[in-house]
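Presented below is the structure to which this report refers.
The values are calculated or read from the model by the stated rules, or taken from the named source; none is laboratory data. All values reported here derive from a predicted model rather than from experimental measurement. For neighbour counting, all protein chains shown are included, and Cβ atoms are generated from backbone atoms with ideal geometry for every residue, glycine included. Accessible surface is based on the protein model in full, side chains and every heavy atom, while ligands, DNA and RNA are left aside. Shrake-Rupley method; radii C 1.70, N 1.55, O 1.52, S 1.80 Å.
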Amino acid sequence: MRTRFLISVALSDLGALTLSIGLASLYVFDTALPWLAVTPGSIWPLISFMVGSMIISSIITEQMSGPGIPRPTYGRMVAILLGTVLFTTALLVLFRDVYFSRSLLGVTSGSWLVLASAHRFVRRLRPWTERIAVITQEKQLVDDLALSDHAEVVWVLSPDFDGPIELPDRDLTIAVDLRAVLSERVAQFLSSSDVAGYTIRPFTRVYEEHTGRVPLVHLAEGWEISAPLLDVAHWLPGKRIFDVVFTFVMTPLWIPLGLLTAVYVKLVDPGFAIFKQQRVG
């Protein structure tokens, strides 16, 4: 489900970008086919830079999204747009002889933001669910999960169940209560499901993703085992690169804005403009 969703969104973004380039070309060059426009140089490198930057930005944001449930969010769209503009600008600086049009870039970016946001708006109107099989004895938590908008609890199995268990449909997530003591039959079932390629995840993480709440009864020592760092470590390098590049490019904006904010804080509050505190984690 996750892979199909991400590919579908990426293709929709690519289609929106293609249409935006056509609209921008019609506005700037009076033709919807930019390669037919009369320009000082070929327009193909610029179009290639934009498409390639969009693909790279989409991959980076997908890696940064982690293993959770895919959502058609506007924030991710803005991140892809900013990444595309930044990467395209960097390529234009690197290849100085390539022809480019500021008007084409500006109109394309604005049109793409509108079109990409529109297809996300339509996607958010359509009902989508994650089919979940739960292994737990926490009935109240299961009921809360079943009431969330995008979770369909297919069946619930007690951890101490000792009867025959059939493998469920392929397209679902098996959420396991890691605090519960599993019977030998349930443990064998999970092992078989894992070998068969089913998605098996901690029940607490599935619950939190769908409800937005942390199940307090599951807060205990050893939580880091059920939420290992390796699940998110693969996108940390990409996030660091994005943070550094974005901060560097936006420095001319952040510095005066930060100074104005510091002055305002000093005028309305006798405390320090920068808040500093030791935190755990």
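Sorted largest first by accessible area at a 1.4 angstrom probe radius, with every protein chain in place, the residues 5, 203 fall in the order 5, 203. Along segment 81-98 the Karplus relation, 6.51 cos²θ - 1.76 cosθ + 1.60 evaluated at θ = phi - 60°, assigns HN-Hα couplings of 4, 4, x, 4, 5, 5, 5, 5, 4, 4, 5, 5, 5, 5, 10, 5, 7, 6 Hz to successive residues, with x for each Gly and Pro.
Take the Cα of residue 48, step 7 Å toward its Cβ, do the same at residue 257, and the gap between the two points is 3.4 nm. Taking 28 Å as the straight-line reach from the Cα of residue 266, the lysines in range (excluding those fewer than 8 positions away in the same chain) are 276.
Per-residue accessible area (protein heavy atoms, 1.4 Å probe) orders 253, 104 as 253, 104, starting from the largest. Within segment 239-281, all pairs of alpha-carbon atoms sorted by distance into 5 Å bins from zero give the percentages 5, 19, 16, 15, 21, 17, 7, 1.
Shown are 154, 9, 195, 114, whose ranking by accessible area with a 1.4 Å probe and every protein chain present, most to least, is 195, 114, 154, 9. Once all protein chains are placed together, residue 239 keeps about 70 Å² accessible to a 1.4 angstrom probe. Relative to the dominant Cα principal axis of the chain, helix 44-64 is inclined by about 20°.
Between 0 and 90 degrees, the angle of helix 184-195 with respect to the longest Cα principal axis of the chain falls at about 30 degrees.
Using a probe of 1.4 Å on the protein chains alone, the accessible area found for residue 244 is around 80 Å². Estimated from the Cβ-Cβ distance and a Förster radius of 25 angstrom, the FRET efficiency linking residue 131 and residue 188 is about 0.65. Counting heavy atoms of the protein chains alone, residue 251 has an accessible area of about 50 Å² for a 1.4 Å probe. Report, in degrees rounded to the nearest 10, the 0 to 90 angle that the Cα long axis of helix 251-268 makes with the longest principal axis of the chain. It is inclined by approximately 70 degrees.
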